[in-house]
Amino acid sequence: MMFQNEILTLLDEFEVNTTEDFLRLPPGRKTYFISRLYKAFTKSRQEAFREISIIGGVNFHFATSGDLTSNTPNLPTHAFLKKLCFYSNRTLITFPFKEVSKPDETRLIKGVHIKEWTRSKLRKSRPIIFGELVSERTPIGGMVSAIGKSYTLDRSAFRDFIQCITLLRPAVDAGLTYLVPSFPDEKVEMRRISKKLTSANFSLEELNNQFQETELYDSETIRFEGDLLNLYLPYFKDVPLERILEIRNKQEDMYNEFQRHMENLIKGSSVEETELKLLGFLREVDTGIRELNRAFTSTKKEYARKNIVIGLGVLCTGLALYASAEWGQELAKYIAGATGGATGLKLLSSSADRSAALSRHTEDRFYLPWLVHNSTPSIVEVPVVPLY
């Protein structure tokens, strides 16, 4: 999709992989980057809106406040963003930009001398001007001007905007997340799009806490399976986004079924009912993961015991042969060969049965979130069935 491709190409061209990379750009290059970013976002926004409006599954929309000076800036944690990438088939994240209207903001982009534009006090204290900015030569020197409409965003919020782009790059590259600016002159269209999506701006405090994983961010304690947290499994904080996308991709059929279940669960529900149902589903996922953990552990122990019994049989046979050496070497060799062959067959049969038992667990509808759970380094190891 051109919408994502242009943004990713731009990040590569300017070597912006983190917020710090953006902040280190020289003033003139930073202005050029913002101008290019504006054009990339505005060029194909309609295509993104059309696609997310018609695709199946549960599609979330999260709108940030765009103002970090607010007491409740409504900014997503990293865990929240990754959780959206798993529980949502497609995700739309919007940042509100304000149209340039104040005279002091207008003067920043109309007839301002380049030397004045690059002064540190303007770069550090003024809002980000988001639009198609150009530098041109005039009889009195270089001047900065804007072409068409321009918008502003709080500088700290713009850095957060860049951070979201870089953090979600793998999901953007996979076409699963659309991160776009929301402009005031397009409010009607945004409301129309939002009505077709599931709001991720949760009003239910407990549900919001589950997605933000606030308890994990507020504590430096290493969490192991079985800790009495109020958060449901799986925890996404330490799971790489690439691993989440890998699970979705390699288990595509199962993921689509997972999405259909969620879609049917909340279909036709009010906003309040949807949030309650989502919270209930997260509880089910937590229970399902714990039951699968027990099932995998039980299967592992069961077949470990069987192999021990088979091994003991081999040992006892060997002792009997040693004690009966006077029967003759030829007979001893015959018995040993026959016993060894039978034991080998038993071990192969046990291994095949174990694989079949483990494979049956992978058909559980909570296998996908179980895979996410077992991708977390702080979780106690449980044997993982290969995705292949």
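The values are calculated or read from the model by the stated rules, or taken from the named source; none is laboratory data. Keep in mind it's a predicted model, so treat the numbers as computed, not measured. Here the Cβ positions follow ideal geometry from the backbone for every residue, glycine too, while neighbour counts run over all protein chains shown. Note: areas computed on protein heavy atoms with side chains; ligands, DNA, RNA excluded. Shrake-Rupley method; radii C 1.70, N 1.55, O 1.52, S 1.80 Å.
Couple of notes before you dig in:
- When each of V188, V180, V172 is tested for being at pLDDT 85 or above, within 12 Å of F95 (Cβ to Cβ) and either surrounded by fewer than 18 Cβ atoms within 10 Å (Cβ to Cβ) or among the β-branched types (V, I, T) (or both), the lone residue that passes is V180.
- Within the span defined as the range 202-209, one or more residues are in contact (Cβ under 8 Å) with a residue 12 or more places away in the chain and within 17 Å of the chain's Cα centre (by Cα).
- Taken over the range 73-94, residues that are in a helix (DSSP H, G or I) and open to solvent by less than 10 Å² (accessible area, probe 1.4 Å) amount to 8.
- The range 150-167, residues that are at pLDDT below 80 and open to solvent by 40 Å² or more (accessible area, probe 1.4 Å): D154, R155, S156
- Complete set of residues in the range 191-204 that are assigned to a loop (DSSP other than H, G, I, E, B) and open to solvent by 10 Å² or more (accessible area, probe 1.4 Å): K196, L197, N201, F202, S203, L204
- All positions within the range 356-384 that are surrounded by 13 or more Cβ atoms within 10 Å (Cβ to Cβ), at pLDDT 55 or above and small (G, A, S): A357, S375
- Being at pLDDT below 75, surrounded by fewer than 21 Cβ atoms within 10 Å (Cβ to Cβ) and part of a strand (DSSP E or B) is true of V134.
For (1) buried (at least 17 other Cβ atoms within 10 Å of the Cβ); (2) in a helix (DSSP H, G or I); (3) at pLDDT 95 or above; (4) charged (D, E, K, R), each residue gets a yes or a no:
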site: K237; (1), (2), (3), (4): yes, no, no, yes
site: Q259; (1), (2), (3), (4): yes, yes, yes, no
site: T274; (1), (2), (3), (4): yes, yes, yes, no
site: E284; (1), (2), (3), (4): no, yes, yes, yes
site: T299; (1), (2), (3), (4): yes, yes, no, no
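Residues are listed down the side, and each one gets a yes or a no for (1) part of a strand (DSSP E or B); (2) modelled with pLDDT of 85 or more; (3) crowded, with 17+ Cβ neighbours inside 10 Å:
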{"residue": "F22", "(1), (2), (3)": "no, yes, yes"}
{"residue": "Y38", "(1), (2), (3)": "no, yes, yes"}
{"residue": "R50", "(1), (2), (3)": "no, yes, no"}
{"residue": "H61", "(1), (2), (3)": "yes, yes, yes"}
